[in-house]
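Input: a single structure, listed below in structure tokens.
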Amino acid sequence: MKRVMTFIVVLLTLIVGLFLTTHGAEKETPVVEAKRTTEPIKIDGLLKETAWQGKDCSDFIQSEPQDGAPATEKTSVWVAYDNKALYVAARLYDSEPGKIISKLGRRDDLVDSDWFFFSIDPYYDRRSGYQFAVNPAGTLVDYSIFNDESTDATWDGLWESKTHSDDKGWTVEIKIPFDQLRFKKKENYVWGVHFSRLLKRKNEWSVNVWIPKGESGFVSHFARLEGIADINPGHYIEMMPFTAGKAAFSPKEEGNPFKTGNDYSIDAGLDMKVGLKSNLTLDLTVNPDFGQVEVDPAVINLSAAETYYDEKRPFFMEGANIFRFGIWGSNMAVGADWSGPSLFYSRRIGRSPQGPVDSNGYVNFPGWTTILGAAKITGKIGKEWNFGFLSALTEREYAHIDLDGARSRQEIEPFTYYGVLRAQKEFNGGRQGLGFMAAAISRNLRTENLENTLARDAFSLGMDGWTFLDKSKTWVASWYFEGARVSGSRTAIRELQLSYPHYFQRPDAAHVELNENATSMSGWAGRFVLNKQRGNFLVNVAFGAISPGFDSSDMGYQSMGDVINGHVMLGYRSFKPGKFIRTWETLLFTQRNYDFGGNKIGDQRIIFIGNVQFLNYWSAYLQISNNPARWSKDETRGGPLLYVPTHTWWDWNIRTDDRKPFEVVIYGFSMNASSGSKNRTFSAVLQWKPGSNFNISLEPEYRYNLDVTQWVTNITDESMTAAYGARYIFGKIKQKTLLCSIRFNWIFTPTLSLQAYIQPFIAVGSYDRFKELARPKSYDFNIFGQGASTISYREGDGSYTVDPDGPGSTPGFSFSNPDFNYKSLRGTVVLRWEYRPGSTLYLVWTQNRADYADAGDFKFGRDFKNLLNAPGDNIFMVKLTYRFKL
């Protein structure tokens, strides 16, 4: 420990020295003039209007591949406006127009082609904004920008653009209604603006404002857009009603009245967007439909932590960046065996019902909870306050039961309120920031089953902030602190204390204790990060902790707890091309985790990371990690500490030039432990782009996992005094997983596309060499079937019976066979037609099928055949949305 502290002191001294030598001068900000037009501008890409005949912005500088060199092809840009909209036109000259790469993509698909980007900061806060991109084929992409250089592709504005190609290159015209942007109403406006161009065949990025490599930030470097005055955006009210019809066909189950083989439904709802002010937006949704959501991938999770799935529902995705917490200021997120808890995980709203069903009859269990309605307010209020508020109500859900013809129902999900409030203020042009976030959930629990299963209320509150430490914004310190409290019945809180990641029942943990009478649980979490984010040398130092009683999982997501974490990272990056290498980067860091009892539960590991891009635009990545022995508080699932031996792992990837019609990425992972455990993973991404409007990608993956201490179950046995009166059962697992994600995109026009996604998935696990932990805080095991102990398998009920001491007096016990053979085929085909801006017709076919035969035995030919022959569910849906302004 003394050596670690000495290392930290020396490192901090080095950091202070680097900080004291850091300086920078303010650069003069370029100015772009916007001209008012009285002439109607026709968006046709031809640039015939007089607004495009005046002075242009054409001093473009390369950022890639020759940083700071003049652009090889000329680009001219003009900006105009009238009372209702902002207009941008660009002529992108090309000395070889026949080589322009023009590819069709659907909305928000940044395909490999030439592009023109227009970015704007209407608040002129130097931290946020919007980005609009158009390629020669007319494909549209838009983003919101936050934290100076982060982008959120979920924002979808209602804007239009047209392009035209000729013997000089190509041209683009863009119209963005002012009511699509958020800004403070004034008489005269100064906004930030930035133009960039991607010339794909040369991989050349050119910009009107050069940001040298090694610099941080994006919006903070924008030019000044001047000249906009006396505009009248007007009141903004947008409606988008929808109607959807669905037909579901599944295998008929004899005797089950709920599985008749088919189900038909029709639904309708409404989304509404209201501009409360020019800088504040209200989103409302009534009876939202999420039928077009892409299916989640199949997984096998043998860990104690919950699987995290990305949000895919548009209402919750759009503008979600305002609800991001604890990530602001720094442009580098280093995990290092740390996963901070989130206060808001939007997939909690509308999740699958959680209540148990007590019945031996046939059960019709709903797949999700109905969202009655939701509202969201986002924007800026007062002086520089970023604001977000989301509120939602979900319906009671019931499981319908048929027991010998008698029908009944049980409530399995209560009526529930969800609320999230976020506010954040920036100071001194974004050099400092301070924010808070609150999240709450309240359930109306009416039944004993639900009272014993779910918390009644959960509330969390957090503060976060950042400050740049020098004039050039080279060093930044960011932090967050949050607290959470969960309330409910004694049974519900007891179960929460017993669950991952708390495990208050751990018999050898003096710092936690199970409270059988508790009706609430509370805790805290926080982290501090110091980051050097400009220049060739990189530094990232962090310290964080999550207390044992902290739980945000009712409204947020949490994958770890009872942990104190710290890391130190040093790095160097070079942007100067050499004979073979264009850029390279190397990182070296170390980290360690403790629990609140002082036990070393995280590796004091040394990690090396290397990245390199070659002159031919191939790239390679390598990471090597040496992990010393440690303790695990989670492997025994609430039992005593387990010793985890030393292990080493490394992973790598190689990526080819993405300009080529055939693009390949190859990944590899290998882990070897001194205990004999090992893990191998090999995967690839194969993308074929034979034409301008068609591409197909395959992502095959094979995993082999040999774990000699995979947890199986815990069994109470007071005679096992060496392990606190319980038997912690483990086995050796050999697991093979084979999957392939296949995506097909056929783009007919920028508004009409056909997409398909399919994922066959096979995971087989075979267990043997069952054993029990012999004593706490060790890696010693009693192997069943050795010495006096015996183990036998019963085919009839698929269970193992163990006699720990043979002829002795210790009672035997049984546990189920954990072998598995899970086969899944999931797929979606979507025809999407945007028949008018923002209004879309969807035709969707979704299929799911699964098979579980031959547990523990992997034979690819047989398993794949069984998967194809397995009965499946087929869902056909038609959905129509109509978006209009009032």
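The values are calculated or read from the model by the stated rules, or taken from the named source; none is laboratory data. It should be emphasised that the depicted structure is a prediction, and the values quoted were computed from it without experimental measurement. Note that each Cβ is placed from the backbone with ideal geometry, even for glycine, and that neighbours are counted across all protein chains shown. We work out accessible area using only protein heavy atoms, side chains counted, and drop any ligands, DNA or RNA first. Shrake-Rupley method; radii C 1.70, N 1.55, O 1.52, S 1.80 Å.
I need the trypsin sites (Lys or Arg not before Pro) found in the range 436-511, filtered to DSSP loop residues with at most 12 other beta carbons within 10 Å of theirs. Numbers along the way, then the final one.
Working: sites: Arg443, Arg446, Arg456, Lys471, Lys473, Arg485, Arg490, Arg494; in loops: Arg446, Arg456, Lys471, Lys473.
Sites meeting the loop and neighbour criteria: Arg446, Lys471.
Could you calculate the FRET efficiency of Arg201 with Val878 from 1/(1 + (r/R0)^6), where r is the beta carbon distance between them and R0 is 35 Å, rounded to 0.05? Kindly include the intermediate steps, with their values, before the conclusion.
Details: r = 41 Å, r/R0 = 1.17.
Between Arg201 and Val878 the formula returns 0.30.
So which helices of the chain fit the span-like rule, where a helix is a whole DSSP H run, its Cα atoms reach 18 Å or more along the axis, and its mean Kyte-Doolittle is at least 0.0? Each step should come with its number before you reach the end.
Numbers: long enough: 2-20 (27 Å, 2.22).
Qualifying helices, which must be both long enough and hydrophobic enough, are 2-20.
Can you spot the lysines whose alpha carbon is less than 17 Å from Lys175's alpha carbon? Ignore those fewer than 8 places along the same chain.
Lys35, Lys42, Lys48, Lys84, Lys162, Lys885
Note the full-extension length gain between Asn287 and Phe258 as 0.36 nm times their separation in residues minus their Cα-Cα distance, in nm to one decimal.
On the way: separation 29, 0.36 × 29 = 10.44 nm, distance 2.43 nm.
Taking 0.36 nm per residue and subtracting the Cα distance, the gain is 8.0 nm.
Before rounding to the nearest 500, sum -39500 (n - 2.57) across all DSSP H runs of length at least 4 in the chain and divide by the residue total; then give [θ] at 222 nm in deg cm²/dmol. Please list the in-between numbers first.
Values: 5 runs with 48 residues, N = 886.
After summing the helix terms and dividing by residue count, I get -1500 deg cm²/dmol.
For the range 81-205, would you read off the P(r) tail past 22 Å as a percentage of all alpha carbon pairs? Display every interim value, and only then the final one.
On the way: 2753 of 7750 pairs.
Value for the range 81-205: 36 percent of Cα pairs lie more than 22 Å apart.
Could you pull out the trypsin sites (Lys or Arg not before Pro) across the range 215-266 that fall in loop regions by DSSP (anything but H, G, I, E, B) with no more than 10 other Cβ atoms inside 10 Å? Can you show the working numbers first?
Values: sites: Arg224, Lys246, Lys252, Lys259; in loops: Lys252, Lys259.
The qualifying sites: there are none.
What lysines could a cross-link reach from Lys213, if we take a straight Cα to Cα line under 20 Å and drop same-chain neighbours fewer than 8 places away?
List returned: Lys27, Lys200, Lys202, Lys471, Lys473, Lys532, Lys576, Lys579.
With a point put 7 Å past each Cα toward its Cβ, work out how far Thr467 is from Met272 in nm, to one decimal.
Simple spin-label model gives 4.5 nm for this pair.
So if each residue of separation counts as 0.36 nm, and I subtract the Cα-Cα distance between Met332 and Trp650, what length gain in nm does that give?
Working: separation 318, 0.36 × 318 = 114.48 nm, distance 2.18 nm.
Length gained, Met332 through Trp650: 112.3 nm.
Gain in length, Lys777 to Glu33, computed as 0.36 nm per residue apart minus the alpha-carbon separation, to one decimal in nm? Could you put the intermediate results ahead of the total?
On the way: separation 744, 0.36 × 744 = 267.84 nm, distance 7.01 nm.
Net length gain for the segment: 260.8 nm.
What nm distance separates the two modelled labels at Arg347 and Thr243, each placed 7 Å from Cα along Cα→Cβ?
Between Arg347 and Thr243, the simple spin-label model gives 3.3 nm.
Across all directions of projection, what mean area in square nanometres is found for the Cα convex hull of the chain? Can you show the working numbers first?
On the way: hull surface 156.5 nm².
Averaged projected hull area, Cα only: 39.1 nm².
Report the semi-axes of the equivalent ellipsoid for the range 434-498 in whole Å, largest first, where each axis is √(5λ) for an eigenvalue λ of the Cα gyration tensor. Write out the running numbers ahead of the final one.
Details: eigenvalues 318, 25, 7 Å².
That gives 40, 11, 6 Å for the three semi-axes.
So, R0 is 30 Å and r is the distance between the beta-carbons of Glu73 and Lys48; what FRET efficiency does that work out to, to 0.05? Spell out each step's value before the answer.
On the way: r = 23 Å, r/R0 = 0.75.
E(calc), rounded to 0.05, equals 0.85.
With label points built 7 Å along Cα→Cβ from the Cα atoms of Glu96 and Arg680, find their separation and express it in nm.
4.4 nm
If I take R0 = 30 Å and measure r between the Cβ atoms of Phe608 and Phe662 in this structure, what FRET efficiency does the formula 1/(1 + (r/R0)^6) give, to the nearest 0.05?
On the way: r = 31 Å, r/R0 = 1.05.
Result of the calculation: an efficiency of 0.45.
In Å², and per residue, what accessible area does the chain have when probed at 1.4 Å with the other protein chains present?
On a per-residue basis, 44 Å².
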